[in-house]
2 protein chains.
Amino acid sequence: MEENLPKFESAISIDCVIFGFDAGELKILLIERSADPFKDWYALPGNLVKQDEGIEEAAGRILHELTGLNDLHMEQFHTFGEVNRHPSGRVITVAYYALIRINSQKEVKPLIEFAKKAFWHPVSELPKLAFDHSDIFKTGFNKVRRRLHYQPIAYELLPEKFTLTQLQQLYEAILNKKLDKRNFRKKMLSYGFLKELDEKQKNVSFRAAKLYKFDRRKYAKIFQNDLNIEES
Amino acid sequence: MEENLPKFESAISIDCVIFGFDAGELKILLIERSADPFKDWYALPGNLVKQDEGIEEAAGRILHELTGLNDLHMEQFHTFGEVNRHPSGRVITVAYYALIRINSQKEVKPLIEFAKKAFWHPVSELPKLAFDHSDIFKTGFNKVRRRLHYQPIAYELLPEKFTLTQLQQLYEAILNKKLDKRNFRKKMLSYGFLKELDEKQKNVSFRAAKLYKFDRRKYAKIFQNDLNIEES
DNA sequence: TTGCGTTATTGTATAAATTACACTTAGTGT
DNA sequence: ACACTAAGTGTAATTTATACAATAACGCAA
């Protein structure tokens, strides 16, 4: 760190890998670019950080502008700073992932200026993305996969009330492998932070499953020791 | 991402948390600042990224300039971008950690221009650091602690040949808790990537322990499946 | 109302991993 | 040869993970 700060003639951006879960499939939000470079390509939503804005703050703002949603769990996962990653100039991008409930009441409404359109795309068959966005996605997905084991991120993707089968499908989608139903349920319930509701699925043409919700208080209580170790 | 790239009037820096292990203690490399702001404070070694230099490259260069060492395992762990984290202007810093063998032949030789001095300091009793460097350290240490469980980072801190007791002391220093000797040895040896040498400790005033070395080939073979899952 | 189709729900036996725990051995130095 | 120090070693108990399939509940249609 130097005293006289030479200016760095570059731009800083945020790119977001926004995960959603819908119809048993894991999806991310993509935009179609309306101008060069990479005109007509699909890309991750992202934008530039403002001069007077912290990057966490910027990430929140940009996600809000792109989806209309606020206060989501956003987590920074990597910064990409290769010199030539952007053909128009030096752009260093800080990548975040976010987890949202696709089915929540609000529509996802991206800014028009930004892209021709925005849409959800299944992660299982992503096309090549603009810039190094395929790498960014891959890195982010791996982080999410890993964090799934020790952070309650699944519950940010599911609706408030969900069935154990939905939870299992989500785990299977993220981990990309089949899990044993009995063992899965046994394990999830053994944690003690899933609250069984007096309510069942509706509008299904078969036996309705019990609904559960994630009990944030109990989760915090159960894992406060672990967290303390992390912080200490 | 915009087409016409407005310039971001800021500096990008790299800060390094450089871990070493010596005399049974985990240490990091600090510098003492020679000028304001934070004159005379201790700080993490760091420097600005150049205009035409990728950040990975910059991290390698900066670490080299500060220690004379090359080709170390460096890993990016977080980017700090609060607006006011640096009193002289906007500086966004990408933080890396590195793991080195303090006792290796070469001396650590920091650039003079940079700081009054550079020295190893035990992590167990760090003073307050300049800027937000205490936070950076804390975040980095937590990442290292977590990665210890699934990446072979311990062997980058130990000498080429080491005893199981040294390995255990290192684990205890990073995890900050006592481990059971028998269980620890059993588990480490069960992985199958530690090679027992026909050699013992020298110059000790008690029974000499067997020396082991980390077998990178075997490690790669054993964990290639896991890695494939990560990449896929 | 009966039967069919679909998904929900549940337990047990086995294997693997983790934990708790203390004495004997080997070498050094006096 | 004695004392000191750290090295080295095994077993039983517990917990956790895995493999595996039949029955119950419900909607729907005949």
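The values are calculated or read from the model by the stated rules, or taken from the named source; none is laboratory data. All values derive from a computational prediction rather than experimental measurement. Heads up, the Cβs are rebuilt from the backbone with ideal geometry, glycines too, and the neighbour counts pull from every protein chain shown. Only protein heavy atoms, including side chains, enter the accessible area calculation; ligands, DNA and RNA are left aside. Shrake-Rupley method; radii C 1.70, N 1.55, O 1.52, S 1.80 Å.
Data for the structure
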{"read-out": "Checking A:T139 against (1) within 16 Å of DNA strand D (Cβ to nearest atom); (2) polar (S, T, N, Q); (3) closer than 20 Å to A:Y96 by Cβ, the condition it does not meet", "value": "(1)"}
{"read-out": "Matching residues, the stretch A:168-196, being in a helix (DSSP H, G or I) and within 9 Å of DNA strand C (Cβ to nearest atom)", "value": "A:Q168, A:K181, A:R182, A:N183, A:F184, A:R185, A:K186, A:L189"}
{"read-out": "B:K143, sole failed condition from (1) in contact with a Phe, Trp or Tyr (Cβ under 6 Å, 6 or more places away or on another chain); (2) closer than 30 Å to A:T139 by Cα; (3) not assigned by TED's automatic domain parsing to the domain that holds B:L72", "value": "(3)"}
{"read-out": "Condition met for B:H133 (within 13 Å of chain A (Cβ to nearest Cβ) and exposed (fewer than 15 other Cβ atoms within 10 Å of the Cβ))", "value": "no"}
{"read-out": "Enumeration of residues in the stretch B:50-82 that are in contact with a strand residue (DSSP E or B) (Cβ under 8 Å, 6 or more places away or on another chain), at the interface with chain A (Cβ under 7 Å from one of its Cβ atoms) and open to solvent by less than 50 Å² (accessible area, probe 1.4 Å)", "value": "B:I55, B:Q76, B:H78, B:T79, B:G81"}
{"read-out": "Members of the stretch A:172-182 that are closer than 14 Å to A:R147 by Cα and within 12 Å of DNA strand D (Cβ to nearest atom)", "value": "A:L175"}
{"read-out": "Subset of the stretch A:26-58 that is of a type in the set (K, R) and touching a residue at least 24 places away in the same chain (Cβ under 8 Å) - its residue that is farthest from A:R85 (Cα to Cα)", "value": "A:K27"}
{"read-out": "Where A:F38 falls short, out of the listed (1) within 11 Å of another protein chain (Cβ to nearest Cβ); (2) buried (at least 19 other Cβ atoms within 10 Å of the Cβ)", "value": "(2)"}
{"read-out": "Per-region count, the stretch B:201-221, residues closer than 14 Å to B:P159 by Cβ and either surrounded by 11 or more Cβ atoms within 10 Å (Cβ to Cβ) or more than 16 Å from DNA strand C (Cβ to nearest atom) (or both)", "value": "6"}
